[in-house]
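What follows is a single structure, written as structure tokens, with notes after it.
The values are calculated or read from the model by the stated rules, or taken from the named source; none is laboratory data. A quick note: this is a predicted structure, and the numbers were derived from the prediction, not measured. No Cβ is skipped: glycine too gets one built from the backbone with ideal geometry, and neighbour counts run over all protein chains shown. With ligands, DNA and RNA removed, areas are computed over all heavy atoms of the protein, side chains included. Shrake-Rupley method; radii C 1.70, N 1.55, O 1.52, S 1.80 Å.
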Amino acid sequence: MDSHNFKINSSSRVKSTAATHAVHQNNESVEHKEFARTIRSSSPSSWGDHFFSYTLDDEATQAIRKEVERLKGKVKEQLLATPIDQLQWLNYVNTLELLGVAYHFEKEIDRGLRYIYENYNIWSQEETLYHVSLGFRLLRQHGFHVPNGM
């Protein structure tokens, strides 16, 4: 285990003491090494701290929240529509999961997957390997019992 202690002196040099711990036949010995490093000063950023102190005004925040709610409503409509094209619907759900926003639509996704599970045969001979594997993965991830044999 290594530990380091740093001290900065007025000449922009850092003095560091590194302690290296080693165990020799149940006796602990500690080695101390001291070395100095020069700290280089860099020019301040042209951006300053502008992004650290940036806040949206209430009007902009409300407009963004309103747009988010509108878009969530559109996504829910598409998820609640009976999945006519199974592959397109599974791709849609997969995209929502990859984007990390599927948690907003858990009920709608579960409803659609249950419909697909009960009404479609994703194992039919006409389906591509991609289609079968996507259906298999999504159904299994959402707790549906899907056999692994075709």
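For (1) hydroxyl-bearing (Ser, Thr, Tyr); (2) over 13 Å from Gln86 (Cβ atoms), each residue gets a yes or a no:
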| site | (1), (2) |
| --- | --- |
| His104 | no, yes |
| Ile109 | no, yes |
| Ile116 | no, no |
| Tyr120 | yes, no |
| Glu126 | no, no |
| Tyr130 | yes, no |
| Leu134 | no, no |
| Leu138 | no, no |
| Gln141 | no, yes |
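Kindly provide the set of residues from the stretch 113-133 that are open to solvent by less than 20 Å² (accessible area, probe 1.4 Å), modelled with pLDDT under 90 and assigned to a helix (DSSP H, G or I), ordered by number. Working first, answer last.
As a first pass, look at the stretch 113-133 and keep what is open to solvent by less than 20 Å² (accessible area, probe 1.4 Å): 113, 116, 122, 131-132.
Checking the rest, the ones that are also modelled with pLDDT under 90 come to 116, 122, 131-132.
Ile116, His131, Val132 - these are the residues of the stretch 113-133 that are open to solvent by less than 20 Å² (accessible area, probe 1.4 Å), modelled with pLDDT under 90 and assigned to a helix (DSSP H, G or I).
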* Taking interchain pairs and intrachain pairs at least six residues apart, which have beta carbon atoms under 6 angstrom, with the first residue in the stretch 80-101 and part of a helix (DSSP H, G or I) and the second among the acidic types (Asp, Glu) and at pLDDT 85 or above? -> Leu80/Glu108
* Asked: Only one of these conditions is not met by Glu77: (1) modelled with pLDDT of 90 or more; (2) loosely packed, with under 14 Cβ neighbours inside 10 Å. Which number is it?
  -> (1)
